[in-house]
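The values are calculated or read from the model by the stated rules, or taken from the named source; none is laboratory data. Small disclaimer: the values here were computed from a predicted structure and weren't measured. Neighbour counts are summed over all protein chains in view; Cβ atoms, including those assigned to glycine, are modelled from backbone coordinates with ideal geometry. These area figures cover heavy atoms from the full protein model, side chains too; ligands, DNA and RNA do not enter into them. Shrake-Rupley method; radii C 1.70, N 1.55, O 1.52, S 1.80 Å.
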Amino acid sequence: MASFKEIISTLPRRKSWYGDDTFLYQGFWCDTFFIEGLMRAQQNFRSQPPDIVICSAMKTGTTWLKSLTFAIVTRSTFDDSTNPLFNNLSHDCVPLLEVDLAQSSTNRDPKNPLLATHAPHCSLPRSIIDSSCKIVYICRDPKDSLVSLYHFFARYLASKDMKPPALEEAFELFCQGVSSYGPYWDHVLGFWKASLDRPDKILFLKYEEMIEDTILYVKKIADFIGYPFSFEELEKGSVEKIVNMCSFENLSNLEVNKSGKHREGTPAVIENKMYFRKGKVGDWENYLTPEMAARLDSITLQKLNGSGLTL
């Protein structure tokens, strides 16, 4: 049987934003490290009914959504001062399928039902699709997603003394669908269509709507994943406490997120502060020309045409 590396070497490849090769696996562009992890997870991962899977393309609000769901699920275990989010990046509280759980489904805290993945819907392990576990998906305006992704990689490359590509170059690749776990639109549409087929299994969220009314969406997420707030909790402001604890202002100012490192001791080590830039809606206006924005909008309209989804 061919090894994962051998299979990957036969896939279509392009140069990525950050200089390495990126490969087309099951219709999506990804680097070797993540494809290999995904292949292993597809082979080995066994989902349990209580599992809650946070799904997203990169830089669409994942850090925030993980924080909110982790705070919702663990609110009866920890009080306001002992929540692990005060001392850990949310990515360290929620294991990533294609990295942490690729070798084994059991490499996790049995009391924590949460896991996350950037995999597209078509690449999820069968056991996630077939079991009664819940999926929470978040997406975002592609213009903001692109700008956020660009800054993330630029900062990451700078930390490794490598030169980032020009924004125009990254923009061109993004429009062609070449970005981490891209094409972005296909990623969003995969989960959107699945959420229409199985609204009981997949909760489809938009970052902009969550920013607009976070309290409403925290209640909605809690109900959906089976951790609803009681009347007493609502009365005493438990939802507001979670919203405040997980706000961009609060999380980005925690010591761990200013000076800590994610996956320290591995080749994938990254500074926690790179996950916190602005967290704003519409920041693309500061970076994209009107022509670039119009081109992205037109691709988005064309890709989502007839789906019932708007971004």
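Tell me, please, whether a residue that is among the polar types (S, T, N, Q), open to solvent by 30 Å² or more (accessible area, probe 1.4 Å), over 28 Å from Ser179 (Cα atoms) and more than 18 Å from the chain's Cα centre (by Cα) can be found in region 44-55. Spell out the reasoning first.
Narrowing region 44-55 to residues among the polar types (S, T, N, Q): 44, 47-48.
Applying the additional criterion that residues be open to solvent by 30 Å² or more (accessible area, probe 1.4 Å) yields 44, 48.
Now restrict to residues that are over 28 Å from Ser179 (Cα atoms): 48.
From what's left, more than 18 Å from the chain's Cα centre (by Cα): 48.
The answer is yes, given that some residue of region 44-55 is among the polar types (S, T, N, Q), open to solvent by 30 Å² or more (accessible area, probe 1.4 Å), over 28 Å from Ser179 (Cα atoms) and more than 18 Å from the chain's Cα centre (by Cα).
Each row is one residue, and each column tells you yes or no for (1) open to solvent by 70 Å² or more (accessible area, probe 1.4 Å); (2) at pLDDT 90 or above; (3) within 22 Å of the chain's Cα centre (by Cα).
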| residue | (1), (2), (3) |
| --- | --- |
| Ser238 | no, yes, no |
| Asn250 | no, no, yes |
| Arg263 | no, no, yes |
| Val269 | no, no, yes |
| Met274 | no, no, yes |
| Asp283 | no, no, yes |
| Met292 | no, yes, no |
| Asn305 | yes, yes, no |
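Any residue that is over 18 Å from Trp64 (Cα atoms) and without any contact (Cβ under 8 Å) to a residue 40 or more places away in the chain - is there at least one of those in region 181-197?
The answer is yes; a qualifying residue exists.
Residues of region 1-14 being within 28 Å of Cys175 (Cα to Cα) and either modelled with pLDDT under 90 or among the hydroxyl-bearing types (Ser, Thr, Tyr) (or both), which ones?
Ser9, Thr10
So if I check each of Leu196, Leu157, Leu205, which one is part of a helix (DSSP H, G or I) and open to solvent by less than 40 Å² (accessible area, probe 1.4 Å)? Full working, then the answer.
Details: Leu196 fails: open to solvent by less than 40 Å² (accessible area, probe 1.4 Å); Leu205 fails: part of a helix (DSSP H, G or I).
Unique residue meeting the criteria: Leu157.
Which strands (runs of 3 or more DSSP E) does region 1-91 wholly contain that include 2 or more residues that are touching a strand residue (DSSP E or B) at 6+ places or on another chain (Cβ under 7 Å) and within 26 Å of Pro228 (Cα to Cα)? Working first, answer last.
On the way: elements: 13-15, 21-25, 28-30, 52-56.
Correct list: 52-56.
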